[in-house]
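Written out below as structure tokens is the structure these notes cover.
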Amino acid sequence: MLRIAGVLAALLLFAVAAETWPLYGFLSHSGEAPLPFWGWERMPKGATSLSKTQNDEWASTGEAALQNLEAHREKIGAPAMSAAVAVGGEVVWAGATGFVDLKSEERPSPETQFRIGSTSKAVTASALARLVDQGKIDLDEPIGTYLGDLPNPEWTAITPRMLAAHMAGVPHYGDVDDPDRLGYARMARRYDDVRDALELFDESPLLFAPGADFEYSSLGTVLLGATMSAAAGERYRDLVTREVLDPAGMTATIVAPKIAPSDSKLATFYLRRGDMYREWRPVDLSHRLPGGGWASTPSDLVRMGSMWLDDGYIRPETRDEFWTPQKLANGEVNEQDYAIGWRWREWRVEGIGLARNANHGGVSRGSQSWLIVFPDYDMALAITVNLRTEEFSEFGAAWEGIFRPFAARILADRAGPAEG
């Protein structure tokens with residue numbers, strides 16, 4: 001009897017140490033080991049909001065946006081949400097609400113950083129557009145022109161355009177030949193050069209002939225980042241810093257760290273089960289940096305979005321090409337109307353009218369983001385949250401409550417003072 005008790009005690013100790021015993025865990029998230037029953041928290045009471053405006057002229061508009069943001073945060077049960085709006089190339093408002101950390105009840109600010117997931121693809125697209133304008137890369141040249149010897153012979157016919165528009169046939173995370181190569185253990189490794197991360201999928205067969213179909217693939221964007229790095233003759237992250245972060249003044253945009261430093265402004269990221277929340281496991285996202293590994297703030301994101309409306313930063317012809325949904329080899333536009341590193345949409349907003357936009361959203365470990373650029377309003381809008389909702393639309397629906405008051409104000413200013 002004592003021997004059986006000893007075995008059970010040993011199993012329990014192992015479960016505590018490894019946090020993997022299903023009998024002691026909630027359901028797994030993202031294919032990782034089951035979560036233990038401890039470490040879960042409830043949402044504190046008394047969340048506060050913080051709003052910053054460029055000047056008093058935007059104060060009432062920003063207050064309306066902040067109230068809508070807080071109402072949406074409460075509706076979806078998010079710990080924290082943050083948002084920003086840029087008009088005419090200037091950040092005119094930034095707001096944050098909720099709790100950046102549930103245990104300490106720390107409040108977020110517009111300077112709080114969030115993992116931005118696939119909104120990183122817009123960061124990569126920005127650097128790619130700069131390389132195109134500089135003549136350093138041709139969207140329709142085979143990537144072997146820049147990368148040299150390709151580790152996978154099936155990549156020979158792939159072009160940067162195909163990779164940026166998800167028409168190359170490169171598998172997404174769950175479609176690689178060996179899923180363990182992208183398992184949780186691999187997320188403990190740091191990749192200083194994105195070209196080294198190709199080892200995680202370079203033996204996986206393509207899903208279809210390059211250009212023949214559409215399949216969203218963050219790993220394809222990693223391959224694009226490696227191609228850009230080779231074309232520019234420098235590390236991908238150095239290229240992005242020089243061509244995107246520095247020109248836009250994006251001082252808060254960083255490679256998402258596995259463990260936030262003590263002086264970090266990085267949010268705590270959460271998984272939710274009902275009304276309980278648990279901090280997301282530490283992960284290193286450097287292996288997917290071009291497609292989903294950056295961390296940023298809404299203010300930084302709208303600074304980058306605004307740069308796309310600056311003809312001195314990106315040529316109008318290049319912008320138009322990058323915001324045009326791409327066609328497959330058969331001449332048909334791809335099934336998602338996906339452009340080059342962006343999605344192009346035309347929405348109708350009641351009381352406002354047509355809202356044409358280029359946008360990209362992102363889903364990461366315990367975090368989501370969305371950057372939307374409205375060229376007709378000379379506006380960029382970004383929202384972030386430190387929670388992964390069931391459906392992206394639950395989080396993303398917050399955009400309209402922020403867009404509406406700013407768009408109404410812009411239209412009113414254009415109309416001028418009423419006569420009489």
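Bear in mind these aren't lab numbers, they're just calculated from the coordinates by the rules spelled out. Fair warning: this is a prediction, and the values are worked out from it, not measured in the lab. Here the Cβ is made from the backbone with ideal geometry for all residues, glycine too, and neighbour counts use every protein chain on show.
Counting charges near ASN334 (Lys, Arg +1; Asp, Glu -1) among other residues having Cβ under 10 Å from its Cβ returns a value of -4. Each Cα pair under 8 Å and six or more residues apart adds its separation to the average, and for the range 51-415 the resulting relative contact order is 25 percent.
With the biggest extent put first, the Cα atoms of the chain measure 93, 58, 37 Å across the principal axes.
Ordered by the count of other Cβ atoms within 10 Å of each Cβ, fewest first, TYR216, TYR313 give TYR216, TYR313.
Screening the chain for whole DSSP H helices with an alpha carbon extent of at least 15 angstrom along the helix axis and a mean Kyte-Doolittle hydropathy of at least -1.0 yields 2-18, 59-76, 120-133, 218-232, 398-415. Using the average count of surrounding beta-carbon atoms within 10 Å as a protection proxy, the listed peptides 56-64, 354-362 rank, highest first, as 354-362, 56-64.
With a cap of 14 neighbouring Cβ atoms within 10 Å, and only residues DSSP puts in a loop, list the GluC sites (Glu not before Pro) found in the range 336-420. Filter output for the range 336-420: GLU350, GLU390, GLU391, GLU419.
Protection proxy ranking for 299-308, 192-201, 45-54, using the average of other Cβ atoms within 10 Å per residue and placing the highest first: 299-308, 192-201, 45-54.
The amide H of TRP280, built 1.01 Å from its N in the peptide plane, has PHE269, TYR270, LEU271 as neighbours under 5 Å, considering only residues 5 or more places off or on other chains.
From helices alone, the chain scores -8500 deg cm²/dmol at 222 nm; the rule is -39500 (n - 2.57) for each run of n ≥ 4 DSSP H residues, then divide by the residue total. Please say if the range 287-391 is rounded, prolate or oblate, where rounded means a/c under 1.5 for a ≥ b ≥ c the square roots of the C-alpha gyration tensor eigenvalues, and otherwise the choice is prolate for a/b larger than b/c and oblate otherwise? Rounded shape, in that the Cα axes give a/c under 1.5. Shape of the range 214-269 from the C-alpha gyration tensor: oblate (a/c of 1.5 or more and a/b not above b/c, with a ≥ b ≥ c the square roots of its eigenvalues). Listed cross-link partners LYS258/LYS327; LYS45/LYS258; LYS75/LYS258; LYS45/LYS121 are compared with a 32 Å cut-off, the Cα-Cα value being larger for LYS258/LYS327; LYS45/LYS121. Amide H contacts for TRP294 (H built 1.01 Å from N in the peptide plane; partners 5 or more residues away or on another chain; cut-off under 5 Å): ILE116, GLY117, SER120, ALA256. Amide H to amide H distances under 5 Å link GLY77 with no residue, where only residues 5 or more positions off or on other chains count and H is placed in the peptide plane. When you count the other C-beta atoms within 10 angstrom of each residue and take the mean per peptide, 257-268, 371-382, 111-122, 203-214 line up highest first as 111-122, 371-382, 203-214, 257-268.
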